[in-house]
Amino acid sequence: MGLFSKIKNMFKGSHEEVEEKKVEEVIKEEEVEEDGLNPLVIEQEEPEVEEVKVEKKEKKKDEVKESVKVYEKGLTKSRQGFVSKLANLTNKYSKITDEYFDELEEILIMADIGVNTVMDFIDRLRDRVNKEHITDPSELKEIIVDELFIIYVNDEVLSNKINFNENGPTVILFIGVNGVGKTTTIAKLANKFIDEKKKVLMVGADTFRAGAVEQLKEWADRVKAGFYGKEESDPASVVYDGLELAKKENYDVVLIDTAGRLQNKVNLMKELEKINKVIDGQIDGGATETLLVIDATTGQNGISQAQAFKEITNITGIVLTKLDGTAKGGIVLAIKESVGIPVKYIGLGETKDDLQVFDIEKYIYGLFKDMM
Ligand SMILES: Nc1nc2c(ncn2[C@@H]2O[C@H](COP(=O)(O)OP(=O)(O)O)[C@@H](O)[C@H]2O)c(=O)[nH]1
Ligand SMILES: [Mg+2]
């Protein structure tokens, strides 16, 4: 079964049944993960009572439902933008011709999918059309979705999972240029972790921009996270003091906000090296994650930023913000193609619930639900 049909089955049709399937998948995934992490502990645990299991499942079901809603809402612009153009194309042509392929190519390139990805995709599509003797464009819609996302889905390297440090605080360093949404993302993520009963410390090491530390502090107060920051001092020393505090007060997660001045790459590289050295010295294994924040509305510019940051530091994941603000939701594929770093979170709006773990299935559903 193709991806398109799988997702259609998962989210559409009888609503109850569908969500059941997604929830079962999520629970299974988590069980595998837990088992893999610590088999001994799992074996010693009491078998779960049936009641608890049912309760857990109901809770997961609500979470999945809510999350699918956020995806649907946040991707409205893209659905009305490039996806509706795709749907129109199918209506416009009664036969698959060269003009059809040209127009399809243009729509996808305009959706920020990335030229090389689009070229490869068009080649594969032409191949399938020839081999399977497809002549009717309406037969192509499922194949288009399958072929567009198949590489992303099949690539196991691109895990969206955040790594947690089992012995001591998990340190997540946020980098990215001014205005992309670093501070907001830290606040949203802190809120998420606090919901999960984790003790979270925010560290304001963006000591460059006036007011940046204060802005983070306000967020910390709002979501009830701990805070450490100091304006006009050396970012690395702020990180040092922040980590001392985190260890002393047994924080589970430390989220570090930095200034991303890409204009001066050498300086930025040195600053990040210095910060990482401090983290390495304080925490076994160093920073658990380094997340690069990219603004989806900046298209190719965002891709260039990602490439530049990748040259100067080790990035473990991308947070793609403001997807709600673009009609070109294809940027996820361009990042895959030109940067090769997994998208771990996406921002679909300005409220605290609008930060979501990136899930390719929900993403595809959010984009193509009207075609399903
Ligand atoms: N619509 C929308 N706005 C966002 C999102 N994430 C951040 N923003 C907005 O982007 C602006 C800049 O965010 P900020 O966190 O200060 O960026 P920073 O300079 O990287 O720390 C703020 O007005 C945020 O509300 C998102 O996912 N969707
Ligand atoms: Mg900021």
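Listed peptides 194-207, 91-104 appear in the order 194-207, 91-104 once ranked by packing, highest mean of other Cβ atoms within 10 Å at the front. Principal-axis analysis of the Cα atoms of the chain puts helix 182-195 at an angle of about 80° to the longest axis.
Roughly to the nearest percent, how much of the accessible area of the chain is carbon and sulfur, given a 1.4 Å probe? Exposed carbon and sulfur together represent 48 percent of the surface. Using the Cβ of GLY242 as centre and a radius below 15 Å, the other residues enclosed give a net charge of -2, where K and R count +1 and D and E count -1. In this label model, ARG209 and GLU58 are separated by 4.4 nm, measuring between points 7 Å along each Cα→Cβ vector.
Modelled this way, with points 7 Å down the Cα-to-C-beta line, the labels at ASN250 and ASN314 are 3.0 nm from one another.
How many Å² of accessible area per residue for the chain, probe 1.4 Å?
49 Å²
When both bridge partners sit in the chain, DSSP labels roughly 10% of those beta bridges antiparallel.
What is the calculated FRET efficiency for GLU232 to LYS73, with r their C-beta to C-beta distance and R₀ = 56 Å, to the nearest 0.05? It comes to 0.90. Other residues with beta-carbon under 9 Å from the beta-carbon of LYS182 carry, at +1 per Lys or Arg and -1 per Asp or Glu, a net charge of -2. A crude spin-label estimate for the pair GLU50 and GLU139, with each label 7 Å from Cα along the Cβ direction, gives 5.0 nm.
Charge dipole of the chain (Cα centre as origin; +1 on each Lys and Arg Cβ, -1 on each Asp and Glu Cβ, all else neutral): 1160 debye, rounded to the nearest 20. Relative to the longest principal axis of the Cα atoms of the chain, the long axis of helix 15-37 makes an angle of roughly 50 degrees. Extension gain, VAL357-LYS198: 0.36 nm per intervening residue step, less the Cα-Cα distance, totals 55.5 nm. For a distance above 28 Å, tell me the whole-number percent of Cα pairs in segment 170-347 that qualify. Value for segment 170-347 (Cα pairs over 28 Å): 18 percent.
The values are calculated or read from the model by the stated rules, or taken from the named source; none is laboratory data. Please read these numbers as outputs of a predicted model, since none were measured by experiment. Every residue, glycine as well, gets a Cβ built from its backbone with ideal geometry; the counts of neighbours run over all protein chains shown. Surface accessibility is based on the protein's heavy atoms, side chains included, excluding ligands, DNA and RNA. Shrake-Rupley method; radii C 1.70, N 1.55, O 1.52, S 1.80 Å.
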